[in-house]
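*Asks:* Dropping a structure here in structure tokens format, bear with me for questions.
The values are calculated or read from the model by the stated rules, or taken from the named source; none is laboratory data. Treat the numbers as computed from the prediction; the structure is a model and nothing was measured. All Cβ positions, glycine included, derive from the backbone under ideal geometry; neighbour counts span all protein chains shown. All accessible areas refer to the heavy atoms of the entire protein, side chains included, with ligands and DNA or RNA removed. Shrake-Rupley method; radii C 1.70, N 1.55, O 1.52, S 1.80 Å.
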Amino acid sequence: MADPKQLEILKQSVDVWNRYVRSGVKINLSRANLLRAELRDADLLAANMLGADFRTVINDAGEREFTDLGETVGLT
């Protein structure tokens, strides 16, 4: 299961997240709900993201919303 503290930090901003990650902590985002997450430029190097949910969703206006993984670091 994802670390709830880490999910809260990730929701704050990518800058806050990247400072946190650079402190050397082990990242656990396994099974996290990351729908509509803004992860552009986020450092996810060596993060455990097994089973995380990145699916596209349709909002109330019928528009598609995506998890933004643009320029994310560490994804393979």
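*Asks:* Just the number, please: carbon plus sulfur as a percent of the accessible area of the chain, 1.4 Å probe, no ligands or DNA/RNA counted.
*Replies:* On the way: 2600 of 5180 Å².
Percent of accessible area from carbon and sulfur atoms in the chain: 50.
*Asks:* How big is the charge dipole of the chain about its Cα centre, in debye rounded to the nearest 20, if each Lys and Arg gets +1 on its Cβ and each Asp and Glu gets -1 on its Cβ? Mind dumping the intermediate values first?
*Replies:* Working: 10 positive and 12 negative charges, 66 e Å.
So the magnitude is around 320 debye.
*Asks:* Also: With runs of 4+ DSSP H residues as the only contributors, calculate the mean residue ellipticity of the chain at 222 nm using -39,500 (n - 2.57) per run, divided by the residue total and rounded to the nearest 500.
*Replies:* On the way: 2 runs with 17 residues, N = 76.
Estimated from H runs of four or more residues: -6000 deg cm²/dmol.
*Asks:* Compute the distance in nm between two label points, each set 7 Å from the Cα along the Cα-to-Cβ direction, one at Arg22 and one at Asp41.
*Replies:* Each label point is offset 7 Å from its Cα along the Cβ direction, giving 1.2 nm.
*Asks:* Accessible area per residue for the chain in Å², computed with a 1.4 Å probe and the full protein assembly in place, what is it? Numbers along the way, then the final one.
*Replies:* Numbers: 5180 Å² over 76 residues.
I get 68 Å² per residue for the chain.
*Asks:* Work out which GluC sites (Glu not before Pro) in the chain are exposed loop sites (DSSP not H, G, I, E or B, at most 15 other Cβ within 10 Å) and give the longest gap free of them.
*Replies:* That gives 1-62 as the longest site-free run.
*Asks:* Pick from Arg36, Arg19, Arg64: which is most flexible by mean-square fluctuation in a GNM of the chain where alpha carbon atoms under 10 Å apart are linked?
*Replies:* Highest fluctuation of the listed residues: Arg64.
*Asks:* Tabulate in residue order the Karplus-calculated ³J(HN,Hα) for the range 23-31, using 6.51 cos²θ - 1.76 cosθ + 1.60 with θ = phi - 60°, rounded to whole Hz; enter x for Gly and Pro.
*Replies:* 6, x, 6, 7, 8, 10, 10, 4, 6
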